[in-house]
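Below: the structure, in structure tokens.
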Amino acid sequence: MKRIPFIVFVLVCMVLIGCSRLARAESLWQYGRIVAVKKSVTTSTKAWVVNTPLDEEHTQYTISVHVQDRIIVGNYEISDPQSEPPPEWTPGTAVRLEVRGDSLYLRSATGSLRLHITQRKTTGPMQAVTAEEKKRLSELDAPPQSMVGFSKAGEDKATAPEPAPPPPPPAPSTGTVAVRSTPFLSEVFVDGDSMGYTPAKIALVPGKHSFRVEKPGYQAWTKEMTITVGSELTLDATLVKK
């Protein structure tokens, strides 16, 4: 009978240790890899002027990241504090990340973003981050170097090197599809993921994609389409009442 309280005590300690480890893993900076970056553009009518609608575009990015044995999905809208994600963030790119409640912070040598977490799911283990990738990402936390050109009194100051010219803008890597529907404000799904409501302008990576347009009270409309780099296509979906 004396062994039972001791066994219960050991089990409680194991649970508490596991919870604390999980909490630390959710709160500290970790390594992860980009799984997908999706862009969706929706249009809404802001006002009417003499029977002419004034439309306003809303651009949203959805980014999936693989960390340890999980996929974390978050999104954010383009705004003044945050712009588009770096073009280098392609599937497989190594990044630093931190989870704080419902917020996901991503960092790399070319940019940083804060996303609102919309989904967490379990998957297989992440591909290990290489030593070179860790070195490049660890430089984000390195202290600033000493000033170039600093000299003692009476010594000549070294001339600071001229800044390198900015790199040319990256070539387009996606195609766009403008989705319209009858009736308006129908929900658009691409490859099973919601991309907002019509009318919508969606940027997609090259390849074959499946489109589905839905609205309560109507039959779903589906179509498959192949996207190429730089293509600008239009889909007109006419939904039939059930």
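Quick notes on this structure:
- Members of segment 88-106 found to be of a type outside the set (A, V, I, L, M), over 19 Å from residue 127 (Cβ atoms) and surrounded by 15 or more Cβ atoms within 10 Å (Cβ to Cβ), listed by number: 98, 105
- Count of segment 189-235 residues which are over 15 Å from residue 176 (Cβ atoms) and surrounded by 11 or more Cβ atoms within 10 Å (Cβ to Cβ): 16
- Strands (runs of 3 or more DSSP E) wholly inside segment 68-127 that include at least 3 residues being in contact with a Gly (Cβ under 7 Å, 6 or more places away or on another chain) and within 22 Å of residue 57 (Cβ to Cβ): 111-122
- Evaluating residue 184 against the criteria (1) among the hydrophobic types (A, V, I, L, M, F, W, C); (2) modelled with pLDDT under 65; (3) surrounded by 10 or more Cβ atoms within 10 Å (Cβ to Cβ) leaves one unmet condition, (2).
- Among residues of segment 203-220 that are touching a residue at least 12 places away in the same chain (Cβ under 8 Å), those with a Cβ under 6 angstrom from a residue that is among the aromatic types (Phe, Trp, Tyr) and assigned to a strand (DSSP E or B), sequence gap 6+ or separate chain, pair up as 212/189; 213/221.
The values are calculated or read from the model by the stated rules, or taken from the named source; none is laboratory data. Everything numeric here is computed off the predicted structure, so don't read it as measured data. For neighbour counting, all protein chains shown are included, and Cβ atoms are generated from backbone atoms with ideal geometry for every residue, glycine included.
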